Each structure stands twice: as C-alpha cells, then as structure tokens.
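What follows is a single structure, written as structure tokens, with notes after it.
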Amino acid sequence: ETREAKSVAVYVDDASITTTVKARLVEDKTVDADAIQVDTAQGNVVLSGIAKSTLEKSTVENIAIKVRGVKTVQNNLAVRP
C-alpha cells in the first residue's frame, strides 16, 4: 500500500468524526448523550458538558478514541452526580 493511499484511507473529515462519536454516545445506554458536546478539529476531539460519574466520563472518552480518524481526545467533561 502506498503512503498516499494510506493517508487517504485514514483521512476522515471532522464533521463525520463528530457525527460518529455522537451516534456512538447515543447507542451507549450508560451515557447521557444529551449532556455531552463533541467538537472535532483536524482529528482532535474535544468533549465538554457534564458526566454523572467518573465512570461515565471515562466511558465517553473511550468511545471517542475508538472512532476511526480520531487522533486525540481532550476530555473536558465536568463530573456532577
């Protein structure tokens, strides 16, 4: 596989990353997707909003990092039970 083909295959635009992360959060019943904002810039995802627990905060981060095209996740979620 050429280097160029690989970079094209890995490239996913920011809007689709945001959409995919949000969809996966909605699918996960342990997460309150409505309380979480997702922003993506050049593959770097920023999570903001409120998590009910530290477990939910880490779950959201783990969901985001597994989305194809995500390079980094900045988890700015505040924990408020």
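Since every read-out is calculated from the coordinates, none of them should be taken as a lab result. As the structure is a prediction and not an experimental result, all values here were calculated from the model.
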### Query
So what are the chain's ellipsoid semi-axes, whole angstrom, largest first, if each one is the square root of 5 times an eigenvalue of the alpha-carbon gyration tensor?
26, 11, 10
### Query
Lysine pairs in the chain 8 or more apart or on different chains: how many have alpha carbons under 24 angstrom apart?
12
### Query
Gly49's amide H: which non-local residues (gap 5+, or another chain) put their own amide H closer than 5 Å, with H modeled 1.01 Å from N in plane and none for Pro or chain starts?
Gln37, Ala78
